[in-house]
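Report on the following structure.
The values are calculated or read from the model by the stated rules, or taken from the named source; none is laboratory data. Source: prediction; values computed, not measured. As a convention, Cβ positions derive from the backbone with ideal geometry for all residues, glycine included, and neighbour counts pool all protein chains shown.
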Amino acid sequence: MSNQFPEYRGNMEYYCLGCDSRHGIDELLYTCPRCGSVLLLEDKNFDSLKNKSGREWRELFDNRAACKRDALRGIFRFYELMAPVLEEEDIIYLGDGNTPVVKAAPALQDAVGLPFAIKNDGQNPSASFKDRGMACAFSYLQALVRKHGWDEVLTICASTGDTSAAAALYASYLGGPVKSVVLLPQGKVTPQQLGQPLGSGATVIELPGLFDDCMKVVENLAQNYRVALLNSKNAWRILGQESYAFEAAQWRDWNMEDLCLFVPVGNAGNITAVMSGFLKLHELGIITSLPRLFGVQSAHADPLFQYYQVKHEKDYHPVKARASVAQAAMIGNPVSFPRVRRLAERYRALAGAQAFQVVQVREQDIIESMLLANRHGHVVCTQGGECLAGLREALRLKIVDRHEYALLDSTAHALKFAGFQQLYFDDGFGPEYEITPRREFRNEPVSLLSNPEKEALPEAEYVSRAALAVADRLGLKRR
Ligand SMILES: *Cc1c(COP(=O)(O)O)cnc(C)c1O
Ligand SMILES: [Zn+2]
């Protein structure tokens, strides 16, 4: 039963967050043709899913965790809740989802003062959570290609680094008519992130400015040319990223009591998806309460924080993003803001104003939280560090309680952001970052002996000389 591909098919349509109009999914839409607002996707048959009880759904998803069918092994374990219009042959599985949740090391929990765990979304195939969204968006694209017999599809996205890595990966796997083009802000992605789409064979275009500028160019292209846009403006990406919430709930055995989640916010696609995912689980009775959600933003790119905490939700203003080590979230004008506003309203109506909040953190705390976590056996990226900084800030503000359990989203692998760690170790940050490295977190290689010294010695002698030098340096005692 749980090993079979689901029979259920939804009836999906786009709905507009600006004018509430509805549109069929046979076309690739990114914004409302009527008013230009962002869209979300809805399954018109969703209510029929309520014929199964919460318990039956929980059992189904738990059993499906052992499923051997590729199409159901990744994010589509939760097929009925995501994009139940796809056929099995459309679903692309590259090892997305099912990322490990690692309990924070006991010493780290003691240092922070609250029990927590980290979900390592950097263990997705292209080493960030963006693969969740791409798995869904490319599966849908494959369905369209199959249906319409398209002979060329140019996929395009703007990126702070990880979106392009994920898009290029999925596009290169699909191949055939699907080609990938990515637009990056010059010098604003890490060398690892730049290497990823290049390695996948994508066309990589660099433009001056920040992500927000690239995003406008991509929007212009999507409006005027025949391209498939893969930024989170594409509502199929949001669906795929909901899988994070489903997995988090399943990890807690569907019990949301005392759980609070921390999610870094850039373009706000992820926080949208996480909220939407939990709302769906709640509506079907799969979970009986909603966990608390904290969006985290750097003081250098904090439009959501400004809207929710400072301006008292009067009006929304984009900000100009400044230099940030949480570079993947360095966005001043989040495309998904209208989605967040809509879903946060629903979320708060069901679970109270405390159930959705945004906290702001300093650059210094972001990088030092990352270093602190990684010194305790974790593999947290700067955005994961941002989450930990957010948790510490929330504790300081007393908006989380010591009896709660926190789940932090480390959205990418630490290795993608190794350059920022190096800048910290080298005290190499420009003043715009406002980061002053502290001795206790710095580390550097210790170089012993020189090449000429080595060459001057016979091999056996070199080994004992080197061993002696190491023993001296470490102050080792003889046996
Ligand atoms: C894209 C990204 C973010 C920000 O997510 P949004 O959906 O844009 O808010 C955070 N961390 C990493 C590693 C990312 O790649
Ligand atoms: Zn509209």
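Of note:
- In the range 122-164, residue surrounded by the most Cβ atoms within 10 Å (Cβ to Cβ) [restricted to those that are aliphatic (A, V, I, L, M) and within 16 Å of ligand 1 (Cβ to nearest atom)]: Met134
- Here the condition is being surrounded by 17 or more Cβ atoms within 10 Å (Cβ to Cβ) and either modelled with pLDDT under 95 or within 16 Å of ligand 2 (Cβ to nearest atom) (or both); of Ile25, Ile75, Ile92, it holds for Ile25 alone.
Conditions (1) in contact (Cβ under 8 Å) with a residue 40 or more places away in the chain; (2) assigned to a helix (DSSP H, G or I), marked per residue:
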site	(1), (2)
Ala135	yes, yes
Ser139	yes, yes
Ala143	yes, yes
Arg146	yes, yes
Trp150	no, no
Ile156	yes, no
Ala166	yes, yes
Leu169	yes, yes
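- Being under 26 Å from the mean Cα position of the chain (by Cα), away from ligand 2 (no atom under 16 Å from the Cβ) and surrounded by 15 or more Cβ atoms within 10 Å (Cβ to Cβ) holds for only one residue in Cys67, Cys16, and it is Cys67.
- Residue match in the range 342-350 (condition: within 16 Å of ligand 2 (Cβ to nearest atom) and farther than 30 Å from Asn443 by Cβ): yes
- Residue check, Asp472 among the acidic types (Asp, Glu), in a loop (DSSP other than H, G, I, E, B) and over 25 Å from the mean Cα position of the chain (by Cα): no
- Checking each residue in the range 261-293 for being within 14 Å of Gly133 (Cα to Cα), touching a Leu at 6+ places or on another chain (Cβ under 9 Å) and not in a loop (DSSP other than H, G, I, E, B) picks out Ile271, Thr272, Ala273, Val274, Ser276, Gly277.
This table checks each residue for (1) part of a loop (DSSP other than H, G, I, E, B); (2) in contact with a His (Cβ under 8 Å, 6 or more places away or on another chain); (3) under 22 Å from Arg237 (Cα atoms).
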{"residue": "Pro6", "(1), (2), (3)": "yes, no, yes"}
{"residue": "Gly18", "(1), (2), (3)": "yes, no, yes"}
{"residue": "Asp47", "(1), (2), (3)": "no, no, no"}
{"residue": "Lys50", "(1), (2), (3)": "no, no, no"}
{"residue": "Asp62", "(1), (2), (3)": "no, no, no"}
{"residue": "Phe76", "(1), (2), (3)": "no, no, yes"}
{"residue": "Glu80", "(1), (2), (3)": "no, no, yes"}
{"residue": "Leu86", "(1), (2), (3)": "yes, no, yes"}
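- The listed residues are Glu219, Glu257, and the only one of them that is surrounded by fewer than 20 Cβ atoms within 10 Å (Cβ to Cβ), among the charged types (D, E, K, R) and over 29 Å from Ala65 (Cβ atoms) turns out to be Glu219.
- Counted residues, the range 26-47 - those being without any contact (Cβ under 8 Å) to a residue 40 or more places away in the chain and of a type in the set (S, T, N, Q): 1
- Scanning the range 246-259 turns up no residue that is under 27 Å from Asn333 (Cα atoms) and either modelled with pLDDT under 95 or in contact with a Phe, Trp or Tyr (Cβ under 6 Å, 6 or more places away or on another chain) (or both).
- Per the conditions (1) surrounded by 13 or more Cβ atoms within 10 Å (Cβ to Cβ); (2) at pLDDT below 95, the sole criterion not satisfied by Glu459 is (1).
- The residues on offer are Pro318, Pro338, and the sole one that is assigned to a loop (DSSP other than H, G, I, E, B), within 16 Å of ligand 1 (Cβ to nearest atom), over 24 Å from Phe116 (Cα atoms) and in contact (Cβ under 8 Å) with a residue 40 or more places away in the chain is Pro318.
- Within the range 83-118, being among the β-branched types (Val, Ile, Thr) and farther than 23 Å from Leu169 by Cβ holds for Val85, Val101, Val102, Val112, Ile118.
- Checking Lys188 against (1) assigned to a helix (DSSP H, G or I); (2) modelled with pLDDT under 95, the condition it does not meet: (1)
- Matching residues, the range 405-451, being away from ligand 1 (no atom under 16 Å from the Cβ) and charged (D, E, K, R): Asp426, Asp427, Glu432, Glu434, Arg438, Arg439, Glu440, Arg442, Glu444
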